[in-house]
Amino acid sequence: MRFATIRAEDKKVILLDQTALPEKTVYNSYTDYCDMIEAIKRLEVRGAPAIGIAAAYTLALAAETRVDITLDQLRKVMIDVACEVKNARPTAMNLFWGVDRVMAAAQKYNGDSLDEYRHLFWGEADAILEEDKAMCQAIGLHGAGLLPDRCTILTHCNAGALATGGIGTALGVIYTAAEMGKQITVYADETRPLLQGARLTCWELMQNGIDVTLITDSMAGYLMSLAKIDAVIVGADRITNNGDVANKIGTYSLAVLAGVHNIPFYVAAPASTFDLKMDHGLEIPIEQRRAEEVTCGFGKRTAPEGVKVFNPAFDMTPHELVSAYITDTGVRPGGRK
Ligand code: MRU
């Protein structure tokens, strides 16, 4: 990859500002954990695995914040900070997973050095980032094996390098297949209202030399009816025990369309996206976002002032519509017959 979505250096966290893409490639450096929480909320860093990594680094920054503090006091502060970070966005499992994992590691610390305690947060966040890279590689390999030598993939939102610490999940499969010499072409849904498909997926696929064609979300069904799509691959924000999937709004419609047209519908996700405590997708909290994202996207008013708006950021795809889950440990069958 020619860019780093998220990295840490000298107790600073550096984010590629995804709100500026594709126009500008801007890197912002963070030392204040509250600013990082805001960056997560305004989608400067987004995509479930990247949010999990960002959450872990947010805790590392928070642990550095207080100077005149005892270890016991800092331990208590960190419990409150963990709650604050968890409140940043409600749907992606990886955020909760990242916070819980770092806090569990910190709780195990039984020394008496503030420096060691603080260092532990950075170490765990770095480990999460490295493991995410490895999980993306594994997902890529498992998924690429499913694809024929020549194929056209439809994807939604951005489940690529910009959404993870590595090569991505859904796009990781595409990069790996292309690297194996398979001829892969991609259609990317623009992904209303925030255009993660148009702005981010098209940008990163083009950066990496993958043939990509942009469509608006409403064109997907027609494209499938023309037999132009061999498989749909999307990422996930949370997968419950029964296999239901929360992902970017519009994913459910794609899964229904793929079923009707007998096109495989694959969900690519690492272990950190699976919520083993939740049985059913209907329990997943779905983030509702500001009306202006729909009525006044990117500063251009496209609906009358005062109109009522429904703006869920995610939807839930029942497991019956999923052909298979491409995970870091292998391919698991979905519930679609
Ligand atoms: O609102 P976003 O941009 O964070 O939504 C991202 C998605 O829905 C992705 O498809 C999902 O997080 C998987 S990323 C590998």
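The values are calculated or read from the model by the stated rules, or taken from the named source; none is laboratory data. Being a predicted model, the structure only gives us computed values, none of them experimental. In this analysis, Cβ positions are derived from the backbone assuming ideal geometry, glycine residues included, and neighbour counts consider all displayed protein chains.
Asn247 meets all of the listed conditions (1) within 16 Å of the ligand (Cβ to nearest atom); (2) assigned to a helix (DSSP H, G or I); (3) not aliphatic (A, V, I, L, M) but one, namely (2).
For the stretch 214-258, taking the residues that are polar (S, T, N, Q) and surrounded by fewer than 22 Cβ atoms within 10 Å (Cβ to Cβ), the one that is farthest from Ala269 (Cα to Cα) is identified as Ser225.
Report yes if some residue within the stretch 240-255 is aromatic (Phe, Trp, Tyr) and touching a helix residue (DSSP H, G or I) at 6+ places or on another chain (Cβ under 6 Å); otherwise report no.
Looking for residues that are aromatic (Phe, Trp, Tyr) and touching a helix residue (DSSP H, G or I) at 6+ places or on another chain (Cβ under 6 Å), one finds none in the stretch 240-255, hence no.
Would you check if Tyr57 is modelled with pLDDT of 95 or more, among the hydroxyl-bearing types (Ser, Thr, Tyr), over 27 Å from Pro285 (Cα atoms) and touching a helix residue (DSSP H, G or I) at 6+ places or on another chain (Cβ under 6 Å)? Taking the combined requirement at face value, the residue does not satisfy it. In the stretch 98-107 there is at least one residue that is in contact (Cβ under 8 Å) with a residue 12 or more places away in the chain, in contact with a Gly (Cβ under 6 Å, 6 or more places away or on another chain) and closer than 23 Å to Phe274 by Cα. Among residues of the stretch 306-318 that are hydroxyl-bearing (Ser, Thr, Tyr), those with a Cβ under 6 angstrom from a residue that is at pLDDT 95 or above, sequence gap 6+ or separate chain, pair up as Thr317/Val245; Thr317/Thr251; Thr317/Tyr252; Thr317/Ala255. Every test in (1) surrounded by fewer than 19 Cβ atoms within 10 Å (Cβ to Cβ); (2) in contact (Cβ under 8 Å) with a residue 24 or more places away in the chain; (3) part of a helix (DSSP H, G or I) is passed by Leu95 save one, and that test is (1).
Among the residues of the stretch 251-260, are any in a loop (DSSP other than H, G, I, E, B), within 21 Å of the chain's Cα centre (by Cα), within 16 Å of the ligand (Cβ to nearest atom) and outside the structural domain of Ala56 (by TED's automatic domain parsing)? There is no residue in the stretch 251-260 that is in a loop (DSSP other than H, G, I, E, B), within 21 Å of the chain's Cα centre (by Cα), within 16 Å of the ligand (Cβ to nearest atom) and outside the structural domain of Ala56 (by TED's automatic domain parsing). The residues of the stretch 283-302 that are assigned to a loop (DSSP other than H, G, I, E, B) and over 21 Å from the mean Cα position of the chain (by Cα), listed by number, are Ala291, Cys296, Lys300, Arg301, Thr302.
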